[in-house]
1. How would 90, 143 line up by accessible area, probe 1.4 Å, largest first?
2. On the full set of protein chains, 1.4 Å probe, figure out the accessible area of residue 69 and give it in Å² to the nearest 10.
3. Can you list the residues, at least 5 places off or on another chain, whose amide H is less than 5 Å from the amide H of residue 64, using H built in the peptide plane?
4. Please go through the residue pairs 57/173; 148/174; 109/138; 57/139; 57/108 and name each one whose alpha carbons sit more than 18 Å apart in this structure.
5. Return the carbon/sulfur percentage of the accessible area of the stretch 48-183, one whole number, probe 1.4 Å, all protein chains in place.
6. What whole-number distance in Å separates the alpha-carbon centres of the stretch 54-80 and the stretch 152-172?
7. Please report the net charge: other residues with Cβ closer than 10 Å to the Cβ of residue 146, K and R +1, D and E -1.
Amino acid sequence: TLQSISSMIVPAFAGTILLFSCKTDLQMVDALTDKERLPSVIAKNIEICYTELGVAKLRIIAPETRHYKYAEEPYTEFPLGITVYTFDDSLQVESQLTANYAIYYEEKKLWNARHDVVAKNKKGEVLNTEQLFWDETKKIIYSNDMVKITTADGVVFGEGFNSDENFDHWVIKKTSGSFYVEE
């Protein structure tokens, strides 16, 4: 009869809706718990000090840090910016770097600072760029972006930059700018 058919269709239809809604909920749970895309640790107002033989060499300050331990390539992100100080053996600041965003790739030992990057060395020279890399293994910093370096002798503009990691000895690949020459 028509009534018995409808009594079978309604439960079957309800079961189908239930299965689809469960699948959607399971997909949502999987997306929310995807370990690779979620930070394993979030820290606020951090300060990290690196030492060598008990002597401070590096100090990092950041308002927020996110560590992605389960990513295919583990990394630490500094989404609200970073300030980094390097020190000589006498604990004098050798260089300082600030950026509005940074990321550190653990396996490559590569830092990537972006957005309003400013680096200063102990000679008072100041580098401004939008992206700067620090390769810990090679002990170099570099950029492929436009750079501006202000020295006691003038301002140098260019594209591309290489330096030792303390920003003491640097080279701009393509230069332009003003220089003061003593006569």
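The values are calculated or read from the model by the stated rules, or taken from the named source; none is laboratory data. Please read these numbers as outputs of a predicted model, since none were measured by experiment. Counting neighbours? That spans all protein chains shown, and the Cβs are built from the backbone with ideal geometry, glycine included. Ligands, DNA and RNA are stripped out before the accessible areas are found, and what is left, the full protein with its side chains, is counted by its heavy atoms. Shrake-Rupley method; radii C 1.70, N 1.55, O 1.52, S 1.80 Å.
1. Ranking 90, 143 by accessible area, largest first, yields 90, 143.
2. Surface open to solvent at residue 69 totals about 110 Å².
3. 45, 46, 80
4. In this structure, 57/173; 57/108 lie more than 18 Å apart at Cα.
5. On the way: 3990 of 7840 Å².
Looking at the stretch 48-183 in its full context, I get 51 percent from C and S.
6. Here the two parts' Cα centres lie 26 Å apart.
7. My count for the surroundings of residue 146 gives -1.
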